[in-house]
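The values are calculated or read from the model by the stated rules, or taken from the named source; none is laboratory data. Just so you know, these numbers come straight off a predicted model, no measurement behind them. Cβ: placed from backbone, ideal geometry, glycine included. Neighbour counts: every protein chain shown. What goes into the accessible areas is simple: the full protein's heavy atoms, side chains included, and nothing from ligands, DNA or RNA. Shrake-Rupley method; radii C 1.70, N 1.55, O 1.52, S 1.80 Å.
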Amino acid sequence: MTSLTSSAVLNTERCAVCAGALETERILARLDRCRACGFISYQGADPEAIAALYDEGYFTGGEYPDYLGQQDSLRRSMRMHLRQIAHYMPLAGSLFEVGCAYGLFLDEARRHFDRVAGVDICAVPLEYARATLGLDAREDDFLAMNFPGERFDAICVWDTIEHIPSPDALLAKAASLLSSNGMLFLTTGDIGALNARVRGASWRQIHPPSHLNYFSRATISRLCERVGLQVVGIETAAYFHTIFNLLASIRLRGGASGGLAGTLLKLAGERRARSVGVWLNLGDIMFVAARKRAD
Ligand SMILES: [Zn+2]
């Protein structure tokens, strides 16, 4: 289990979730928990260092072992997201994705939705989304963008909110861009999940400064409420992984288990490891559905 004690740190900034003055206590060695609402974040990041993380290398060994090489698996996971979206709304109308990367989700979503578009700050994957997939994928900072007259029936934020220095501004902007009754869907780690609590500081989702925000069901719900979104469902997200991707991800993290994963990968052979896969759901990634509240 986690050890949740030690030094109190007083920050001058506001808590992204409860908007109170951010007085935190240090937990799990390097994370900070708001004493008022329990929101856990990483406060030690330098904004320029954060922006520099998201170059092409992010998708080819930095954060993901080989993003585009895993396209078939990723598309299967994205189609599962769409099946989960269908629990809350008909798959129709307009959809916008924040953090669309190579556009694989948008490409799957446009089989159902009438209009899809997305944005990312990372240029290289967007080039693929535009040139190869022909998507409306914009290179920009979502928070700085203008959407004159545009409203969306669904906005999706997959595995992205944990990376954003101001998650409250992100969700407030998303809420403002939803049509009446529009739906926000997001996935992010659940630091309150059993696996996260058992793994403690070793939980795979804990890697600042790439991951800055560590939501629980309670804190993501509270933030949604504060920006005018009502959480109508929280499910867990399942992801399809090839054996290659599983072992390469573990190898990327190094250490004894990383070395073992590398050896297993060599033994299995890369081609075979890429051809076999499994659905994985450790129960620690939340799929959150929230509806725009009527004014
Ligand atoms: Zn707080």
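Among the residues making up the range 212-238, those that are among the polar types (S, T, N, Q) and within 15 Å of Cys18 (Cβ to Cβ) are Asn213, Ser216, Thr219, Ser221.
Table: residues versus (1) without any contact (Cβ under 8 Å) to a residue 60 or more places away in the chain; (2) open to solvent by less than 20 Å² (accessible area, probe 1.4 Å); (3) of a type in the set (Val, Ile, Thr).
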position	(1), (2), (3)
Tyr102	yes, yes, no
Glu108	yes, yes, no
Phe113	yes, yes, no
Gly118	yes, yes, no
Cys122	no, yes, no
Pro125	no, yes, no
Arg130	yes, no, no
Leu133	yes, no, no
Asp141	yes, no, no
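Is it true that Arg226 is in contact (Cβ under 8 Å) with a residue 12 or more places away in the chain and among the basic types (Lys, Arg)? Criteria met by Arg226.
Evaluate the following for Ala248: is it crowded, with 19+ Cβ neighbours inside 10 Å, within 17 Å of the chain's Cα centre (by Cα) and either of a type outside the set (Asp, Glu) or on the phi > 0 side of the Ramachandran plot (or both)? Answer is no for this residue.
Results for (1) within 25 Å of Ser77 (Cα to Cα); (2) open to solvent by 40 Å² or more (accessible area, probe 1.4 Å); (3) modelled with pLDDT of 95 or more, shown as yes or no for each residue.
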site: Arg151; (1), (2), (3): no, yes, yes
site: Ser176; (1), (2), (3): no, yes, yes
site: Phe185; (1), (2), (3): yes, no, yes
site: Leu194; (1), (2), (3): yes, yes, yes
site: Arg204; (1), (2), (3): yes, yes, no
site: Ser210; (1), (2), (3): yes, no, no
site: Tyr214; (1), (2), (3): yes, no, yes
site: Arg222; (1), (2), (3): no, yes, yes
site: Ala237; (1), (2), (3): yes, no, yes
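The residue that is nearest to Phe215 (Cα to Cα), counting only those in the range 28-43 that are in contact with a strand residue (DSSP E or B) (Cβ under 8 Å, 6 or more places away or on another chain), more than 10 Å from the ligand (Cβ to nearest atom) and open to solvent by 30 Å² or more (accessible area, probe 1.4 Å), is Tyr42. Take Glu162 and decide whether it is open to solvent by less than 20 Å² (accessible area, probe 1.4 Å), over 19 Å from Lys292 (Cβ atoms) and among the charged types (D, E, K, R). Considered against the rule, which asks whether it is open to solvent by less than 20 Å² (accessible area, probe 1.4 Å), over 19 Å from Lys292 (Cβ atoms) and among the charged types (D, E, K, R), Glu162 comes out as yes. Contact annotation: residue pairs with Cβ atoms under 6 Å, 6 or more positions apart or on different chains, pairing a residue in the range 19-31 that is more than 17 Å from Ile191 (Cα to Cα) with a partner that is open to solvent by 70 Å² or more (accessible area, probe 1.4 Å) and more than 9 Å from the ligand (Cβ to nearest atom), are Leu22/Glu13; Glu23/Leu10. Looking across the range 224-235, just one residue is surrounded by fewer than 15 Cβ atoms within 10 Å (Cβ to Cβ) and closer than 28 Å to Ala45 by Cα, and that is Glu225.
Residues of the range 183-202 that are within 24 Å of Gly44 (Cα to Cα) and either in contact with a helix residue (DSSP H, G or I) (Cβ under 7 Å, 6 or more places away or on another chain) or not in a loop (DSSP other than H, G, I, E, B) (or both): Thr187, Thr188, Gly189, Asp190, Gly192, Ala196, Arg197, Arg199, Gly200, Ala201, Ser202.
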